[in-house]
Amino acid sequence: MSKLEKLCRLAGVGGALAALVMLPVLLAGTAAHAQTDAFYVNYFANAQLGTQPPGTPNQDDIVRLIDTNVRQQADQNPLCAMVYVYDEWQEMQECCGCPVSAGGELALSVDGLTWLPTGDFVHIKSAGDPSLLFRGTIKIVSTNAIVTQLPPGLLNGPCAGDVAVLCDPTGELYPSSGAGSWTPVASLRGWTTHLQSYTTGYVTETRFEKTHEPDSDLPILGDACSSVTESSSVVAGITEVRGSCAAVCSAQGVNPYNPGGPAAPTYFVEAGPNSYCYSGL
Amino acid sequence: MLAGKRVRKEIILAMVPAVLLLAVTVQNARATTPTCTAPYGSPSSDVGCYGVQFINYFSNAAPASGKVYARVTAPLEANADTGQPEEICAMFYVFDWGEAMQECCGCPITADGLLTLSIGEPSPPPPTQGTPAGGNLTGNPYSAPDEYYYASGAAGLQDGVIRLISAETNGTTTPSSPPGNESVYRDEAGTPERLANGVFCDRFSGLCCDPAGANSTIGTSAVTLYTTVRGWADHVQNDGVTNTAFEENPISRSDAGTLASVCATLLTAGTGNGYCNCGDEFYSEDSYNEGTGGE
């Protein structure tokens, strides 16, 4: 055996021993604040202003998300893109859970995501008018979905009787522990356009930035979302459920609330071996 | 020949655990070491901290280019499990094209808040508040060789670099608005109060951000790096405006200390120049007048 071989053997044995000794320590440290590649953030500006001045073409920004399907064959269940919308003063104003089929793409209207904020400060308006939520941040967290057979009945909405994909941004519908509990899942990537100037129509686009956030932030977001979606208001005799952007999920990039806008679907069904019905919560 | 193959095999075998160890160590460092607070004994142990420095550029910030923006958020939730604080500092160090620091400021930002600072001509001070004027990163250079003078009389940088450092709050003051009343005084929530040149405080919590750290006349503690912020900046191009995210670049604690030290020379020179402004860009203006850049 040459000297070089001996050195290499020693290095190999030493390295392996070091790895065996250090790995549990290092992995334990990782588990303490587990991070999944599931938390992303971007900003929005000039939301609700795409129709200014009145009479000009609507210029809505679009959030586009794709499921990169890194799970491959291990798990072909749909994912949830949990959407949390904040104003610039850090208050969560809306939230919703949007199903994304495996490998699929989702388009969300920013005007739609900001149409029904929960806070009076950014909401005061006449029924059917845009909100005052012009600027803020959008946080997207990809999680597992609840895949369940819904019994027929009006209360189960458009997915009644189908295999429904449910995405609850509060986490309350998920099992509290064990299989199927609410968990961040790495897979989504996203981009959003930014209307730079509603007078010139300049638009830019940036990707959502990974936040390196601990998984333990997810229940914090869920709790905040619970309090946001409990609000509602009556404006000009019309009851609005504020704080939820659920209708935006299946609207394919269209603002479903804009009275003058195109009609937006409230759900869609994926055909194939697994027939899933998707809608937002 | 056979011995040579064995040697290569041994080398590969030796490298596997080493690479494995290195990969886990790097991952672990990112996962569990949000702060770079531990003192370092020697320069060799002062390794780069990840997730705390973000860099972008600004361009063509000339009078005719209109106003564009840099935006920063603090996406991590206040979390007792991880020790993530509710309030973070976005420390800005603004350089001209010739590598000289021209402005610096420390801006408090709460979890999930959005800080919007203009690049280009600064806004006039709001009539009822005195300070702060609209937030601006480039309109008050220390001694810029390429500065522009706007119609308002303010000078401004044209091209350069913005280094954004994510740090812990490093000062306190008596808050001017009643704590716990953020929802009542919402229109003030985005208007940090100015404690001193370049040093701004949350008007509800009283927590402050001093970009010069203990180097300044009021600084009480050093700039302590803390992973949190994310940012984006507009760029005025020859035809229109583009926008990119700030790029993450690791920084050592000693480099961060140097930034703070240079910043201190700007803030303590007493010229009234050399610091940027964290004020709410939209407080004194129509809330929807954003986005004139590139017109």
Please indicate, with yes or no, whether at least one residue in the range B:266-277 is modelled with pLDDT of 85 or more and part of a helix (DSSP H, G or I).
yes
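For the condition within 25 Å of residue A:138 (Cα to Cα) and open to solvent by 10 Å² or more (accessible area, probe 1.4 Å), what is the one hit in B:239, B:202? Can you show your working first?
Working: B:239 fails: within 25 Å of residue A:138 (Cα to Cα).
That would be B:202, the only listed residue that is within 25 Å of residue A:138 (Cα to Cα) and open to solvent by 10 Å² or more (accessible area, probe 1.4 Å).
Quick check on the range B:242-263: of everything there that is closer than 13 Å to residue B:93 by Cβ and out of contact with any strand residue (DSSP E or B) (no Cβ under 9 Å at 6 or more places or on another chain), which residue is least open to solvent (accessible area, probe 1.4 Å)? Steps first, please.
Residues of the range B:242-263 that are closer than 13 Å to residue B:93 by Cβ, as a first pass: B:246, B:249, B:251, B:255-263.
If we keep only those that are out of contact with any strand residue (DSSP E or B) (no Cβ under 9 Å at 6 or more places or on another chain) too, we end up with B:257-258, B:261.
Values: B:257: 35, B:258: 77, B:261: 53 Å².
Across the range B:242-263, the extreme among qualifying residues is B:257.
Being open to solvent by 30 Å² or more (accessible area, probe 1.4 Å) and over 27 Å from residue A:213 (Cα atoms) is the filter here; which residues of the range B:205-236 pass it? First the steps, then the outcome.
First, the residues of the range B:205-236 that are open to solvent by 30 Å² or more (accessible area, probe 1.4 Å): B:205, B:207, B:214-215, B:217-218, B:220-222, B:224.
Residues satisfying the conditions are B:214, B:215, B:217, B:218, B:220.
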Within the range A:182-223, tally of residues that are over 24 Å from residue A:101 (Cβ atoms), among the aliphatic types (A, V, I, L, M) and at pLDDT below 95
2
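How many residues are modelled with pLDDT of 75 or more and surrounded by fewer than 20 Cβ atoms within 10 Å (Cβ to Cβ) when one looks only at the range B:155-187?
Taking the range B:155-187 first, the residues modelled with pLDDT of 75 or more are B:155-175.
Next, from what is left, pick out any that are surrounded by fewer than 20 Cβ atoms within 10 Å (Cβ to Cβ): B:155, B:159, B:161, B:168, B:172-175.
Residues that pass the stated criteria total 8.
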Filter result for residue A:170 (out of contact with any His (no Cβ under 9 Å at 6 or more places or on another chain), β-branched (Val, Ile, Thr) and not in a loop (DSSP other than H, G, I, E, B)):
no
Select from the range B:52-75 the residues that are in a loop (DSSP other than H, G, I, E, B) and either aliphatic (A, V, I, L, M) or more than 9 Å from every other protein chain (Cβ to nearest Cβ) (or both) and list them in ascending order.
B:52, B:59, B:60, B:61, B:62, B:67, B:74
Subset of the range B:227-254 [more than 9 Å from every other protein chain (Cβ to nearest Cβ), touching a Ser or Thr at 6+ places or on another chain (Cβ under 9 Å) and not in a strand (DSSP E or B)]:
B:229, B:253
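The values are calculated or read from the model by the stated rules, or taken from the named source; none is laboratory data. What you are looking at is a predicted structure, and each value in this text was computed from that prediction instead of being measured. Glycine gets a Cβ as well: all are built from the backbone with ideal geometry, and neighbour counts include every protein chain shown. Keep in mind that these areas ignore ligands, DNA and RNA; they rest on the heavy atoms of the full protein, side chains included. Shrake-Rupley method; radii C 1.70, N 1.55, O 1.52, S 1.80 Å.
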